[in-house]
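The values are calculated or read from the model by the stated rules, or taken from the named source; none is laboratory data. Being a predicted model, the structure only gives us computed values, none of them experimental. Here the Cβ positions follow ideal geometry from the backbone for every residue, glycine too, while neighbour counts run over all protein chains shown.
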Amino acid sequence: MAAGGTGGRTYSFKVVLLGEGCVGKTSLVLRYCENKFNDKHITTLQASFLTKKLNITGKRVNLAIWDTAGQERFHALGPIYYRDSNGAVLVYDITDEDSFQKVKNWVKELRKMLGNEICLCIVGNKIDLDKDRHVSVEEAESYAESVGAKHYHSSAKLNKGIEELFLDLCKRMMETAQAEERLKGNGASQSASSRRGVQIVDDEPQATPAGGCCSSG
Amino acid sequence: MTSQRRGIHLDQSELLCKKGCGFYGNTGWQGLCSKCWREENQREKQKQIQEDWALAERLQKEEEEAYASRHQKAQSQPTITPFSKFEERKTKEKSSKVNTVTKFFTPSTKTPSKKDAFEAQSSPSPSSSTSRHSSVDSDHATREFIDFLKPLKSGREIFKQCRAFTESMVYKRDMAADELSECVQDFYQNLSDRLHTQFKGSSEHVESVMDEVEKYMMTRLYKEVFCPETTDDEKKDLAIQKRIRALHWVTIEMLCVPVDEEIAEVSDSVVKAITDVIEMDSKCVPKEKLACITLCSKHIFNAIKITKKEAASADDFLPTLIYIVLKANPPRLQSNIQYITRFSNPSRLMTGEDGYYFTNLCCAVAFIEKLDGQSLNLSAEEFELYMSGQASPQRPQSTGAASCSPGSSALGQVHERLDLLAGLGERQEQVMEKARQLESDLIDWSDDVEQKVQSVLESFPPETQNPTATTASGTTPAASSAIDSDNVENEHLPPPLQPQVFAG
């Protein structure tokens, strides 16, 4: 799935942004890609599809971040969004217990539908409002560990923790992609069909090492 | 006659024109002078002519009407059906002809395809206008493709492969759509891998070549692989079209669309977005179809941005897109989505911006298909009522203006008028009621008066002024007295004449 070919090739990753409405998904990604928060002089037309080019340890990475509609009534559309994605950023509001519950639901669904081939990040946003915290750090972190995800704290307002979380995610996705490639034996023609996601049978055994990579990285 | 007789006693005044113009009249001209006669006669004639015309016209009209009604009764049902059937047959014939034309020519594409297209064009088949159009298109695509490949060192090789593959696809017409898609996708994959490894192209370069390859191949294969007969795409198209039509009552408020169509610029963007998503159907190449969706999305973002004054998030975008799709009811929506999914370059669908908007469109369609009362904050009963058309949602009067595109403002007016009419009807009913009451009151009153008069008459029998008459005529005192009283004038009359006998 990742367009990770031979050594010098550019990686292209698709990352979906999931979470309830109003948890700050859009602010997070706007801050990351355009370094803007609540900017009155908006030049950005939209904040639902953003791209970022990165250079990680000499390898070029193109990140495509897909925002999703967080309203409850669109929940059922999730699979259409996260199909074929390499990573998922699950955002909750640390002052809102419900939004954390939503994240748990998403994790369950993602693991069920995509197995371990997707790298998960659980992000507690709005740490600038720490005094109103309703989701405890311990609870969130232990939960993240139990499902093979990494937990981060962030504040789009203060621009805290965002850069780190995406960088980390990219590294993990690269490792997953590389592991996938190794398993395929570097065959260009074989990686070809992987792009289409046709060989579901092949993917299953790879899922385990990929997951191991996720939890370790 | 009279004038004749008068002619005997010749009177000077009688000789003059009846019109009194001062000239002498003539009996032959009905006593008019020559000038007045001409005028009179002309007017008469004109009138006659006009009357004749009117009569003729009326007669003709009557005749026509009679004929038409007779005809309609006899023929209305049967005429329409055979015609539509004929149309159907004609289109069928056309498509089959088109197919045969392509079948006939495409396999023989050993010669350059340009020549083929030309032959197809000059073939005398009169109903091949669509095939002619498409061959012009594919001809054009071929030429462009060749032009694009010319400067590339591996251009010839690429062209050969693409042409061979395109031709081979024609034989696979009867394959399932998924298999066709598989074939095309494998071809894309193989070619792009080859470009990467053999020809050592940079990824941007490979991308641009692949775009052209897609354009060339899909223009040529469009007719074969868009909405193929082996799938039920067409049925799905009709289903979603019907569904969207049934959902015509869904308002901006129900979907929580953050767009204020009151602002001219916003409603302008909305209209543009609708146009773009409809235009998707007219494109042949998946990439161009995707471009339409992207353009539509940009217009939506623009509308949201103007309304909310901040960059649009997915939370705003998806509901608006759903609203646009509901408003636009794009033609062959499912076929287009399927076609793009099957034959577009996969990397574009998965990570590109076009892919994101396309995914959102798929989401919008999925949402519309599964839409229920809950997702619109309506109760199940309300939803059922609206869907069955038994009721239409009450327009919020206060914010009614806010939801006004030109269409909905007209709708609002219609609602207003309907309310007004309903009010008028009620009032008329009241008036009628009152009128009826008044009528019955009047009848009662007159009965009442009659009864009273009767009773008065009974209790005070009328006394006659002439006691002698009473005694004389006995049983009918009133009548006789009345007659007598009527004849009061008789007293003033002279005594009746008596026959007199003249002696002698």
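Listed values, structure above:
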read-out: Looking only at the stretch B:307-322, and only at residues there that are in contact with a Pro (Cβ under 9 Å, 6 or more places away or on another chain) and touching a residue at least 60 places away in the same chain (Cβ under 8 Å), the one that is nearest to B:Glu261 (Cα to Cα); value: B:Thr320
read-out: Qualifying position, being at positive phi and crowded, with 16+ Cβ neighbours inside 10 Å, among B:Cys227, B:Cys256; value: B:Cys227
read-out: Residue list for the stretch A:120-145, filter: of a type outside the set (D, E, K, R) and out of contact with any Ser or Thr (no Cβ under 6 Å at 6 or more places or on another chain); value: A:Leu120, A:Cys121, A:Ile122, A:Gly124, A:Val135, A:Ser136, A:Val137, A:Ala140, A:Ser142, A:Tyr143, A:Ala144
read-out: Count of the stretch B:364-407 residues which are at pLDDT 75 or above, of a type in the set (S, T, N, Q) and in a helix (DSSP H, G or I); value: 3
read-out: Test for A:Lys108: is it among the basic types (Lys, Arg) and either under 14 Å from A:Val15 (Cα atoms) or more than 11 Å from chain B (Cβ to nearest Cβ) (or both); value: yes
read-out: Checking B:Ile304 against (1) touching a Pro at 6+ places or on another chain (Cβ under 8 Å); (2) at pLDDT below 90, the condition it does not meet; value: (2)
read-out: Scan of the stretch B:261-280 for residues that are crowded, with 17+ Cβ neighbours inside 10 Å and among the acidic types (Asp, Glu), ordered by number; value: B:Glu261, B:Asp276, B:Glu279
read-out: Subset of the stretch B:298-314 (residues that are among the polar types (S, T, N, Q) and more than 8 Å from every other protein chain (Cβ to nearest Cβ)); value: B:Thr307
read-out: The lone exception for B:Cys284 - which of (1) more than 19 Å from B:Ile340 (Cβ to Cβ); (2) outside any helix (DSSP H, G or I); (3) more than 26 Å from the chain's Cα centre (by Cα) it fails; value: (1)
read-out: Some residue of the stretch A:43-50 being at the interface with chain B (Cβ under 10 Å from one of its Cβ atoms), crowded, with 23+ Cβ neighbours inside 10 Å and part of a loop (DSSP other than H, G, I, E, B); value: yes
read-out: Residue check for B:Gln46: closer than 30 Å to B:Leu15 by Cα, modelled with pLDDT of 80 or more and either more than 49 Å from the chain's Cα centre (by Cα) or not in a helix (DSSP H, G or I) (or both); value: no
read-out: Residue within the stretch B:210-227 that is polar (S, T, N, Q) and either more than 30 Å from B:Lys327 (Cα to Cα) or within 13 Å of chain A (Cβ to nearest Cβ) (or both) present; value: no
read-out: Qualifying residue in the stretch A:140-156 (condition: within 19 Å of A:Ser27 (Cβ to Cβ) and either of a type in the set (Lys, Arg) or assigned to a helix (DSSP H, G or I) (or both)); value: no
read-out: Residues of the stretch B:230-253 satisfying the condition of being part of a helix (DSSP H, G or I) and surrounded by fewer than 16 Cβ atoms within 10 Å (Cβ to Cβ); value: B:Glu234, B:Lys235, B:Leu238, B:Ala239, B:Lys242, B:Arg245, B:Ala246, B:Glu253
read-out: Where a residue in the stretch A:62-88 is at the interface with chain B (Cβ under 9 Å from one of its Cβ atoms) and closer than 16 Å to B:Tyr357 by Cβ and its partner, wherever it lies, is acidic (Asp, Glu) and crowded, with 18+ Cβ neighbours inside 10 Å, with Cβ under 7 Å and at least six apart; value: A:Ala69/B:Asp315
read-out: Residues (in a strand (DSSP E or B) and in contact (Cβ under 8 Å) with a residue 60 or more places away in the chain) located in the stretch A:111-134; value: A:Cys119, A:Leu120, A:Val123, A:Asn125
read-out: Residue in the stretch B:309-324 that is assigned by TED's automatic domain parsing to the domain that holds B:Arg243, over 22 Å from A:Lys52 (Cβ atoms) and modelled with pLDDT under 90 present; value: yes
read-out: Residue within the stretch B:231-249 that is in contact with a His (Cβ under 8 Å, 6 or more places away or on another chain) and without any contact (Cβ under 8 Å) to a residue 12 or more places away in the chain present; value: no
read-out: Boolean, A:Ile127 is modelled with pLDDT of 90 or more, out of contact with any helix residue (DSSP H, G or I) (no Cβ under 7 Å at 6 or more places or on another chain), away from chain B (no Cβ under 14 Å) and surrounded by 15 or more Cβ atoms within 10 Å (Cβ to Cβ); value: yes
read-out: Failed condition for B:Tyr386, given (1) crowded, with 21+ Cβ neighbours inside 10 Å; (2) within 28 Å of the chain's Cα centre (by Cα); (3) closer than 27 Å to B:Thr219 by Cα; (4) not β-branched (Val, Ile, Thr); value: (3)
read-out: Single match in B:Val184, B:Val206, B:Val170 (criterion: away from every other protein chain (no Cβ under 14 Å) and out of contact with any Gly (no Cβ under 7 Å at 6 or more places or on another chain)); value: B:Val170
